[in-house]
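A quick write-up on the structure given underneath.
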Amino acid sequence: MLTGKNPRAAIEVGQMIVAHLNKSDLSMEQLAERLRLKPGAKMINLLTGRHYFPLDLIQPTVEALEMEPAEFTRAVLRQYYCRDSVDYLFKVIGDAALTTSKFKNDEPREKSDKKQSRKRKHRK
């Protein structure tokens with residue numbers, strides 16, 4: 001699944017961040033602070049695609065810039081994995097989420113009512 005790093009994808013990630021940064025009220029320095037990065041060269045290298053965007057910064061970036069999480073996550077993963085692998089991962093995760101959601105919605109009403117009743121008793 002790992003096919004080597006993709007410099008083009010790193011540039012695309014940087015462009016996405018810059019586009020959302022321009023729409024936001026944040027400066028580059030403020031974003032760096034929220035990501036717990038030193039403002040300056042490291043942040044500039046991430047925005048220009050000279051450095052690969054770390055996976056652990058996806059969530060704080062999405063939250064700071066109010067980005068669409070799936071789209072940004074897919075772009076970041078494409079820095080490290082081929083498009084087909086990333087697409088497959090998203091399909092599998094999406095299918096699993098739908099299955100889980102359907103299973104929860106198919107639960108008989110009386111079971112759901114009993115669970116709620118038990119939760120209320122534990123709170124008291």
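Given (1) modelled with pLDDT under 90; (2) surrounded by 10 or more Cβ atoms within 10 Å (Cβ to Cβ), identify the lone condition not met by residue 105.
Residue 105 satisfies every listed condition except (2).
Within the set of pairs 6+ apart or on separate chains, which have a first residue in the range 62-79 that is closer than 19 Å to residue 4 by Cα and modelled with pLDDT of 95 or more, a second that is in a helix (DSSP H, G or I) and open to solvent by 40 Å² or more (accessible area, probe 1.4 Å), and C-beta atoms under 6 Å apart?
75/12
Suppose we filter the range 33-49 for residues that are loosely packed, with under 14 Cβ neighbours inside 10 Å and not in a helix (DSSP H, G or I); how many remain?
3
Taking residue 65, is it aliphatic (A, V, I, L, M) and surrounded by fewer than 18 Cβ atoms within 10 Å (Cβ to Cβ)? It would help to see each step written out before you state the result.
Working: aliphatic (A, V, I, L, M): yes; surrounded by fewer than 18 Cβ atoms within 10 Å (Cβ to Cβ): no.
So residue 65 does not fit the description; no.
The values are calculated or read from the model by the stated rules, or taken from the named source; none is laboratory data. Computed from a prediction, not measured in an experiment: that's the story for all the values here. Methodologically, a virtual Cβ is constructed for each residue, glycine included, from the backbone with ideal geometry; neighbour enumeration extends over all protein chains shown. The accessibility values were calculated without ligands, DNA or RNA, using every heavy atom of the protein model including side chains. Shrake-Rupley method; radii C 1.70, N 1.55, O 1.52, S 1.80 Å.
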